[in-house]
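Shown next, in structure tokens, is the structure this report addresses.
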Amino acid sequence: MNGVSTALIVLGLFFLGGVYSFYKQKLPTGILVVLGIGAAMSLTAGVLRLDVWG
């Protein structure tokens, strides 16, 4: 596991925390969707960069 994949996974988890926090604050759905998409993309990129696939 290298630094870039770790950073992407941590960023994705941070975005997921933001989605949860914004949901609890009853913010607009558009913000939740954008943050959720960003979290999913960051987590996916981080997992795909792991060297367990090759």
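Could you check how much of the accessible area of the chain is carbon and sulfur, as a whole percent, using a 1.4 Å probe? If you can, show how the numbers build up before the last one.
On the way: 2920 of 3900 Å².
C and S fraction of accessible area: 75 percent.
Per residue, how big is the convex hull around the C-alpha atoms of the chain? Give it to me in cubic angstrom, could you?
On the way: hull volume 2.9 nm³, N = 54.
So the per-residue hull volume is 54 Å³.
Given an 8 Å cut-off on Cα distances and at least 6 residues of separation, report the relative contact order of the chain as a percent. Could the numbers behind the result be given before it?
Details: 46 pairs, mean separation 30.9, N = 54.
In percent, rounded to a whole number, it is 57.
Taking 0.36 nm per intervening residue step and subtracting the Cα-Cα distance, what contour gain separates Leu13 from Lys26 on full extension?
Details: separation 13, 0.36 × 13 = 4.68 nm, distance 2.00 nm.
Taking Leu13 through Lys26 to full extension adds about 2.7 nm, to one decimal.
For segment 37-42, take each phi angle, set θ = phi - 60°, evaluate the Karplus expression 6.51 cos²θ - 1.76 cosθ + 1.60, and give the result in whole Hz per residue in order, putting x for glycine and proline.
5, x, 5, 5, 5, 5
Can you give the extra length, in nm with one decimal, that the chain gains between Met41 and Ser5 once fully stretched, where that is 0.36 nm per residue apart less the Cα-Cα distance? Don't skip to the end; give the middle numbers.
Details: separation 36, 0.36 × 36 = 12.96 nm, distance 1.22 nm.
11.7 nm is the gain from fully extending Met41 to Ser5.
For the chain, take the longest principal axis of its alpha carbons; what is the angle in degrees between that and the long axis of helix 3-24, to the nearest 10 within 0 to 90?
20 degrees
The values are calculated or read from the model by the stated rules, or taken from the named source; none is laboratory data. Everything numeric in this text was worked out from a predicted model, so none of it was measured. In case anyone asks, the SASA skips ligands and DNA or RNA and just uses the protein heavy atoms, side chains included. Shrake-Rupley method; radii C 1.70, N 1.55, O 1.52, S 1.80 Å.
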